[in-house]
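Here is the structure we will look at.
The values are calculated or read from the model by the stated rules, or taken from the named source; none is laboratory data. Nothing here was measured: the structure is a model prediction, and the numbers come from that model. No Cβ is skipped: glycine too gets one built from the backbone with ideal geometry, and neighbour counts run over all protein chains shown. Side chains are part of the model used for accessible areas, which takes the heavy atoms of the whole protein and leaves out ligands, DNA and RNA. Shrake-Rupley method; radii C 1.70, N 1.55, O 1.52, S 1.80 Å.
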Amino acid sequence: MAKPVLLTVDDDREVLRAIERDLRRKYGSDYRVLRAGSGQEALEIVRELKIRNNSIALFLIDQRMPGMSGVEFLAEAITLFPDAKRVLLTAYADTDAAIAAINEAGINHYLLKPWDPPEENLYPVLDELLEDWEAAFPSQFEGIRVLGNRWSPTSHSIKDFLARNHVPYLWLDIETAASDSEVRSLVELLDEEETRSLPIVILPNGVRLRQPSLAELAEHAGLKTRATEAFYDLAIVGGGPAGLAAAVYGASEGLRTVMIEREAPGGQAGMSSRIENYLGFPSGLTGADLARRAVVQARRFGVEIISAEATEVRIDGPYRFLKLANGAELSCHALLVATGVQWRKLDAPGVERLTGAGIYYGAAMTEAMSTKDEDVYVVGGANSAGQAAMYFSRYARRVVMLVRGSSLAASMSQYLINQLKATPNIQIEFNTSVVEAHGDDHLEAISIYCAETNAVNKVPANSLFIMIGAAPNTDWLANIVERDELGFIYSGPQLTRDGKRPNGWKLDREPGLLETNVPGIFVVGDVRHGSVKRVASGVGEGSVAISFVHQYLSKVV
Ligand SMILES: Cc1cc2nc3c(=O)[nH]c(=O)nc-3n(C[C@H](O)[C@H](O)[C@H](O)COP(=O)(O)OP(=O)(O)OC[C@H]3O[C@@H](n4cnc5c(N)ncnc54)[C@H](O)[C@@H]3O)c2cc1C
């Protein structure tokens with residue numbers, strides 16, 4: 001945590017140096033002592049400290065300064081740091097003015113110049129004030145702050161990215177400026193251009209990023225975006241349960257392992273509000289918890305985790321080259337694809353335009369607080385939709401599940417169906433689908449079609465969470481590996497048709513169980529053709545694949 005600041009201001013250079021020296025000597029180990037030669041200069045410092053979210057414990061200000069008096073300065077400065085203690089330095093002749101100013105600028109004390117010896121005339125006063133300040137000091141959040149609009153898709157993706165990567169941040173909604181003095185004072189400090197280009201991400205060192213891309217954000221948030229080595233034994237694309245398990249097993253068995261993840265480790269599971277059927281966690285755990293634990297475990301074994309998107313694979317003899325969206329390239333002997341699936345889009349007018357502005361794919365847990373006391377609509381009838389409904393029911397006034405089928409039995413686990421039924425503010429509407437989304441800059445209403453009555457009903461809605469199945473995103477691998485018509489990747493025995501090995505397969509063995517049609521490229525988890533779409537099966541495949549990787553490496557090197 002940055003030390004709180006003691007700011008002293010005086011236009012007399014010698015006096016300024018002397019007071020700075022005395023402050024540093026006594027308080028330098030606990031406070032940062034800053035000085036300024038005028039009220040204007042000091043206001044600049046104060047504004048910068050506010051933007052950086054630093055705290056000021058004390059102002060020690062000369063009263064008689066050209067341009068701006070001490071009291072005038074304080075009257076402005078305390079609007080930004082209302083809790084800071086204020087001491088005015090006056091000459092003997094100014095004491096009446098100083099006393100009069102005590103009410104005006106809420107001055108805690110005035111000190112006569114000169115203050116020598118400080119042990120008698122300065123420190124006892126300041127000690128007392130600083131003790132009071134410390135006792136009342138509200139601990140300040142010092143991480144990344146995101147200032148934006150609740151309905152902005154970019155704000156949503158920034159919050160989601162930070163949350164899922166476990167980067168602490170503070171969300172400041174510009175719409176609360178009227179009621180939240182913290183937001184208001186920050187908005188006042190930004191220039192016009194900045195307020196027009198929200199969201200703005202303010203880093204702890206004061207750097208401000210306007211509408212940053214996720215890659216830019218990753219770089220500034222301290223995530224690793226480039227590999228440290230040029231070559232690895234094993235490169236894994238995708239950091240969901242399957243990729244993470246492969247990373248842990250690979251690195252723990254001595255393979256130099258890199259894992260590339262474009263959003264956040266945890267994958268779909270990381271978005272789950274409660275996984276209740278994963279072995280060994282009888283009361284369930286959140287996907288975020290599972291992801292965090294797995295990341296710690298992977299790092300402990302030395303896995304390098306890169307925040308980037310893999311966009312291309314090139315094969316050169318025994319080497320597999322992986323190109324990343326940020327322009328970097330790395331090579332490996334064995335490549336493991338664990339890219340899972342992404343949400344299928346809902347095709348209805350208005351949905352694409354309002355995505356991120358009230359419409360979200362997945363449970364979008366970062367939005368839960370904003371749904372407080374509102375009605376939330378969840379589209380889908382599988383476990384993911386059921387978990388989301390349970391999660392939002394803790395915040396929202398009412399959660400309405402819109403299910404296309406006439407029952408949940410075929411698509412959802414019984415334990416979840418029981419939980420939904422037992423939750424009074426969850427309502428399930430069967431035979432329904434969303435046919436249109438309405439709103440200018442954010443979602444305001446949805447039209448719901450009921451297949452039973454053939455009626456379309458338009459209802460007010462601010463939050464719609466869509467979970468209607470998922471599809472793999474493997475087009476970037478189209479020329480490399482064999483895929484089914486939906487894009488899922490074939491592996492092992494699936495590749496041998498009519499007793500024939502895959503085209504171009506030159507080895508005198510069949511493709512291994514989780515191996516693709518390219519030797520040394522493996523596939524695990526949801527992206528694999530025929531996989532069981534569950535956390536445990538992804539973890540199982542990721543772990544098992546490592547033994548096939550070893551077999552492959554034993555021949556290749
Ligand atoms: C909300 C929800 C709740 C669920 N609840 C449960 C449950 O309770 N129990 C259960 O067993 N299962 C549950 N599932 C299913 C389970 O989460 C998935 O089966 C599992 O996450 C699949 O793991 P995976 O590693 O194969 O893929 P994913 O989890 O999909 O991970 C793939 C990762 O690859 C990354 N990626 C994709 N392309 C690239 C690229 N080109 N470059 C870099 N990275 C890339 C993605 O960003 C993603 O992080 C749930 C799923 C959801 C969505």
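In segment 1-129, the C-alpha radius of gyration followed by the widest Cα-Cα span (Dmax) gives 13.3, 41 angstrom. Fully extending the segment from L513 to F281 would add 80.6 nm, taking 0.36 nm per residue of separation and subtracting the current Cα-Cα distance.
Once R0 is set to 25 Å, what does the formula 1/(1 + (r/R0)^6) return for the Cβ-Cβ distance between S213 and Q342, expressed as a FRET efficiency to the nearest 0.05? According to the calculation, E is roughly 0.85.
In the calculated pair distance distribution of segment 426-557, what percentage of Cα-Cα distances lie above 26 Å? Within segment 426-557, distances greater than 26 Å cover 47 percent of Cα pairs. Counting only Cβ charges, +1 for Lys and Arg and -1 for Asp and Glu, the dipole size of segment 81-200 around its Cα centre is about 660 debye. When nucleic acids and ligands are ignored and a 1.4 Å probe is applied, F137 ends up with an accessible area of around 50 Å².
Give, as a single signed number, the net charge of other residues whose beta carbon lies under 9 Å from the beta carbon of A396, with Lys and Arg counted +1 and Asp and Glu -1. Overall, the nearby charge balance is +1.
S307 sits among other residues whose Cβ lies under 10 Å from its own Cβ, and their net charge, with Lys and Arg +1 and Asp and Glu -1, is -1.
Using a Debye calculation, one point per C-alpha and no hydration shell, please list log10 I(q)/I(0) for segment 284-359 at q = 0.12, 0.17, 0.22 Å⁻¹ in order. Computed log10 I(q)/I(0) values: -0.62, -0.96, -1.08.
Mind checking Rg over Rh on segment 426-465, alpha carbons, Kirkwood formula for Rh? Mind dumping the intermediate values first?
Working: Rg = 10.6 Å, Rh = 10.7 Å.
Rounded to two decimals, Rg/Rh equals 0.99.
Three principal axis extents describe the C-alpha atoms of segment 100-208; from largest down they are 58, 32, 23 Å.
Given R₀ = 56 Å, what would the calculated FRET efficiency be for A471 paired with E14, taking r from the Cβ atoms and rounding to 0.05?
Values: r = 73 Å, r/R0 = 1.30.
For A471 and E14, the calculated efficiency is 0.15.
What does the C-alpha gyration tensor say about the overall shape of segment 481-557? Classify as rounded when a/c is under 1.5, otherwise prolate if a/b is larger than b/c, or oblate. Display every interim value, and only then the final one.
Values: a/c = 2.25, a/b = 1.16, b/c = 1.94.
Oblate.
Could you give the length gained on full extension between D441 and R196, defined as 0.36 nm per residue of separation minus the Cα-Cα distance, in nm? Mind showing how you got there, number by number?
Values: separation 245, 0.36 × 245 = 88.20 nm, distance 1.54 nm.
Gain in length upon complete extension: 86.7 nm.
Give the residue list of GluC sites (Glu not before Pro) in segment 478-551 that are DSSP loop and have at most 15 other beta-carbon atoms within 10 angstrom.
Here the GluC sites (Glu not before Pro) that fit, given the DSSP loop and packing criteria, are E485.
Taking a probe of 1.4 Å, how large is the accessible area per residue of the chain, in Å²?
Working: 25320 Å² over 557 residues.
I get 45 Å² per residue for the chain.
Of the Cα atoms belonging to segment 376-481, the radius of gyration and Dmax stand at 15.6, 51 Å.
Within segment 215-238, list the residues whose amide N lies under 19 Å from a label point set 7 Å along Cα→Cβ of A325. Label zone hits: 215-227, 236-238.
Shape annotation for segment 435-501: C-alpha extents along the principal axes are 57, 32, 14 Å, from largest to smallest. Here's the picture: charge each Lys and Arg Cβ at +1 and each Asp and Glu Cβ at -1 in the chain, and of T195, G356, P511 the one pushed furthest to the positive end of that dipole is P511. A simple rule links phi to the HN-Hα coupling: the Karplus curve 6.51 cos²θ - 1.76 cosθ + 1.60 with θ = phi - 60°, which for segment 343-351 gives 4, 6, 7, 8, 9, 8, x, x, 5 Hz, with x for Gly and Pro. With the cut-off at under 17 Å, measuring from each backbone N in segment 468-491 to a point 7 Å along the Cα-to-Cβ line of V556 picks out 480-482, 491. Here the relative contact order of the chain, from alpha carbon pairs under 8 Å that lie six or more residues apart, stands at 11 percent.
Label point of Q297 set 7 angstrom out along Cα-Cβ; within segment 228-260, amide nitrogens under 16 Å from it belong to 239-254. Taking the charge dipole of the chain about its Cα centre, with +1 at Lys and Arg Cβ atoms and -1 at Asp and Glu Cβ atoms, the residue from I468, N479, A163 reaching farthest to the positive side is N479. The accessible surface of segment 166-320, taken with every protein chain in place and a 1.4 Å probe, is 49 percent carbon and sulfur. Listed values for segment 315-330 are Karplus-derived 3J(HN,Hα) couplings in whole Hz (6.51 cos²θ - 1.76 cosθ + 1.60, θ = phi - 60°), namely 10, 9, x, x, 9, 10, 9, 10, 9, 10, 5, 7, x, 6, 9, 9, and x replaces Gly and Pro.
Oblate is the label for segment 350-392, because a/c, from the alpha-carbon gyration tensor with a ≥ b ≥ c as root eigenvalues, is 1.5 or above and a/b does not exceed b/c. With unit charges on the beta carbon (Lys/Arg positive, Asp/Glu negative), name the residue among L111, A227, S537 whose Cα is farthest towards the positive pole of the charge dipole of the chain. The Cα lying farthest towards the positive end belongs to S537.
When the Cα atoms of segment 256-391 are aligned to their principal axes, the ranges along those axes come out at 57, 42, 23 Å in descending order. Amide H contacts under 5 Å for S55: V5, restricted to partners 5 or more places along the chain or on a different chain, H placed in the peptide plane at 1.01 Å from N. Here the gap between E374 and V459, fully extended at 0.36 nm per residue and compared with their Cα-Cα distance, gives a gain of 29.3 nm.
How large, in percent, is the carbon and sulfur part of the accessible surface of segment 448-533 at a probe radius of 1.4 Å? Could the numbers behind the result be given before it?
Working: 2150 of 4330 Å².
Heavy-atom surface of segment 448-533 belonging to carbon and sulfur, 1.4 Å probe: 50 percent.
Label separation (E119 vs T496): 9.1 nm, computed from points 7 Å beyond Cα along the C-beta direction.
Past 28 Å, Cα to Cα: identify those pairs from K533/K555; K372/K533; K372/K421; K159/K458, in the order given. List each step's numbers first, then the result.
Working: K533/K555 32 Å; K372/K533 32 Å; K372/K421 21 Å; K159/K458 30 Å.
Correct reply: K533/K555; K372/K533; K159/K458.
Using the crude model of +1 on Lys and Arg Cβ and -1 on Asp and Glu Cβ, and no other charge, please compute the dipole size for segment 307-352 relative to its Cα centre, in debye to 20.
On the way: 5 positive and 6 negative charges, 25 e Å.
Once rounded to the nearest 20, the dipole reads 120 debye.
Assuming charge only on the beta carbon of Lys and Arg (+1) and of Asp and Glu (-1), the dipole of segment 270-379 about its Cα centre is about 400 debye to the nearest 20. Three semi-axes describe the equivalent ellipsoid of the chain; taken as square roots of 5 times the Cα gyration tensor eigenvalues and ordered largest first, they are 56, 31, 19 Å. Spin-label model, R184 to D127: label points 7 Å out along the Cα-to-beta-carbon direction sit 3.8 nm apart.
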